[in-house]
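Below is one structure, written out as structure tokens, with a few remarks after it.
The values are calculated or read from the model by the stated rules, or taken from the named source; none is laboratory data. What you see is a predicted model; the values in this text were computed from it and never measured. Every residue, glycine among them, receives a Cβ derived from its backbone with ideal geometry; neighbour counts consider all protein chains shown.
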Amino acid sequence: IYQLLLLYKKGKDIFNLSEEEMREILRFANASGALTATKKGVIPSLPTRKQIEQFLHNSTDKPAGNEIN
């Protein structure tokens, strides 16, 4: 939702995103969920944007090619 909001604020039509944009949004969301699952508590477990970006930067699981056709 965070990344969709950023795109919306920039004037992007969020109902017509490219596959690449959707993949990046889902990758960010999955990283957020992965980091959240590593801690206890609702609010304390929520990662910051910086933590998510660092996690993605250090991730060995880079976005794949076009498996979905």
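Mind checking which residues of the range 2-30 are of a type outside the set (Lys, Arg) and within 9 Å of the chain's Cα centre (by Cα)?
Initially, the range 2-30 is screened for residues of a type outside the set (Lys, Arg), giving 2-8, 11, 13-22, 24-26, 28-30.
Hits for the range 2-30 are 2, 3, 24, 25, 26, 28, 29, 30.
Residues of the range 1-33 being among the aromatic types (Phe, Trp, Tyr) and exposed (fewer than 11 other Cβ atoms within 10 Å of the Cβ), which ones?
Going residue by residue through the range 1-33, those that are among the aromatic types (Phe, Trp, Tyr) are 2, 8, 15, 28.
Result: 15, single match.
Would you mind finding the one in 10, 62 that is modelled with pLDDT under 90 and of a type outside the set (Asp, Glu)?
62 is the lone residue from the list that is modelled with pLDDT under 90 and of a type outside the set (Asp, Glu).
Within the range 31-45, can you find the residues that are more than 13 Å from the chain's Cα centre (by Cα) and either at positive phi or not in a loop (DSSP other than H, G, I, E, B) (or both)? Steps first, please.
In the first step, residues of the range 31-45 are kept if they are more than 13 Å from the chain's Cα centre (by Cα); the result is 37-45.
Selection gives 41 alone.
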